[in-house]
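None of the figures in this text is laboratory data; all of them are computed from the coordinates on show. Given the structure is predicted, the values throughout are model-derived calculations rather than measurements. Heads up, the Cβs are rebuilt from the backbone with ideal geometry, glycines too, and the neighbour counts pull from every protein chain shown.
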Amino acid sequence: RMTCQCQEVMSLFSGELVQVKNPYLDGMEEDILYHLSLSTKTHNLPEMFGDIKFVCVGGSANRMKAFAQFIHKELELNGNPEEVSDICEATDRYCMYKVGPVLSISHGMGVPSISIMLHELIKLLHHAQCRDVVLFRLGTSGGVGLAPGTVVVTDKAVDYSFLPQFEQVVLGKVITRSTELDEGVAKELLQCSSELQNFPTVIGNTLCTHDFYEGQGRLDGALCSFSHEDKLEYLRKAYEAGVRNIEMESSVFAAMCRVCGLKGAVVCVALLNRFDGDQITATHDVLVEYQQRPQILVSHFIKKRLGYV
Ligand code: R2B
Ligand code: URA
């Protein structure tokens, strides 16, 4: 018992802190996390969030609520999983649920939306003095040469020219940041997938785009400026560059995790094989089941890390 308490106290003071890379931040009297509807003056962030070890983000508010309820059951915590409450209920931009050491947050669609949330989330983890946090993006994607339902753990997030970089315009100039993710966490996730039944999972590069239609080479948008052959050639080149799926947030997620010393992983299920088409034709029930797969994988990872399995 004594040793156990000692370990708990020790772990509060050891381990990697979340690093913000902004010299102005610590000089601010108050920090308002506007889109999360939280602030350093009105909320005791260390008390509310100091024990967070796993942060899971995903596009849809409903899916992230479902994940919070799922992880509540998986971790066999006290209380009713149905009654998890939205910490950010004062805003309808994002939703946030805390379940033991796990935080579940929605980020909307696309790089600008997730980027705003990540700025405020990383500041939140910094103000709360969280240590040794692992961040996961749980999402959907279009598969490149994969059977629908396959889970892709991202090796590198790549841009339109298949380079592992994220370009951000700052004061009218382009800044380029690396998008390599944590190799150890990716390998651990792949190992977790092999311990689950019927769980097709690969590690591959993820192409991050700024659009779902033309930007992902779809022929079915309101606009289309290229041919079917052009599309297939681009997908073939992507495949040759190691790309196995396409989505819309991984690059800024990877870049920000890296700069701030957070271990990050991207886990997305492929809803279709883009070599076979553009429209998502799977039934509602099949799509619901596919979207549970990243949740099941990350839940298994968390349970292993916490010594449940
Ligand atoms: C995957 O799914 C969304 C588009 O349907 C987008 O947020 C993404 O990255
Ligand atoms: N999300 C995407 O960004 N692309 C797809 O094809 C499917 C889901």
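Just how large is the dipole of the range 236-309 about the Cα centre, in debye to the nearest 20, putting +1 at every Lys and Arg Cβ and -1 at every Asp and Glu Cβ?
So the magnitude is around 500 debye.
Under a Cβ-only charge scheme (Lys and Arg +1, Asp and Glu -1), can you give me the dipole magnitude of the chain about the Cα centre, in debye to the nearest 20?
540
What's the center-to-center distance, using Cα atoms, between the range 236-289 and the range 168-184 in Å?
The range 236-289 and the range 168-184 have Cα centres spaced 18 Å from each other.
Run through every distinct alpha carbon pair of the range 123-187 and return the Kirkwood hydrodynamic radius in angstroms, one decimal place.
14.9
Of all DSSP beta bridges located in the chain, what percent are antiparallel, nearest 5?
Close to 40 percent.
According to a simple spin-label model (label point 7 Å from Cα along Cα-to-Cβ), what is the distance in nm between Glu30 and Lys237?
About 5.1 nm separates the two model spin labels.
What does the extension gain come out to for Val174 and Gln191, with contour length at 0.36 nm per residue minus their alpha carbon separation?
Gain on stretching Val174 to Gln191: 2.3 nm.
Relative to a virtual label point 7 Å from the Cα of Asp51 in the Cα→beta-carbon direction, which members of the range 77-109 show backbone nitrogen distances below 11 Å?
Counting backbone N atoms under 11 Å from the label point, the list is 78, 99-102.
So what is log10(I(q)/I(0)) for the range 31-126 at q = 0.24 1/Å, when the Debye sum runs over its Cα atoms only?
-1.37
Starting from 0.36 nm per residue, how many nanometres of slack lie between Ser14 and Asp132 once their C-alpha separation is accounted for?
Contour length minus Cα-Cα distance gives 41.6 nm.
Please list, in chain and number order, the residues 5+ apart from Arg137 or on another chain whose amide H is under 5 Å from its amide H, with Hs placed from the backbone.
The answer is Val57, Ala265, Val266, Val267.
Pull out the extension gain between Lys41 and Glu82, defined as 0.36 nm times the separation in residues minus the alpha carbon to alpha carbon distance; nm, one decimal.
The span from Lys41 to Glu82 would gain 11.7 nm if fully extended.
Counting other beta carbons within 10 Å of each residue's own, what order do Ser113, Ser299, Ser39, Ser227 fall into, fewest first?
Lowest count first: Ser227, Ser39, Ser113, Ser299.
Where Lys and Arg each count +1 and Asp and Glu each count -1, what net charge lies around Glu229 among other residues with Cβ under 14 Å from its Cβ?
Around Glu229, the charge tally is +1.
Positive end of the dipole of the chain, charges at C-beta (+1 Lys, Arg; -1 Asp, Glu), about the Cα centre: which of Val288, Ile87, Val298 has its Cα farthest in that direction?
Result: Val298, furthest along the dipole toward the positive end.
Treating the chain as a set of equal point scatterers at the Cα positions, no solvent, please give the Debye-formula log₁₀ I(q)/I(0) at q = 0.09, 0.11, 0.14, 0.15 Å⁻¹.
-0.45, -0.68, -1.09, -1.25
As a quick test, which of the pairs Lys21/Lys41; Lys53/Lys303; Lys156/Lys263; Lys98/Lys123 have an alpha carbon distance above 19 angstrom in this structure?
The answer is Lys21/Lys41.
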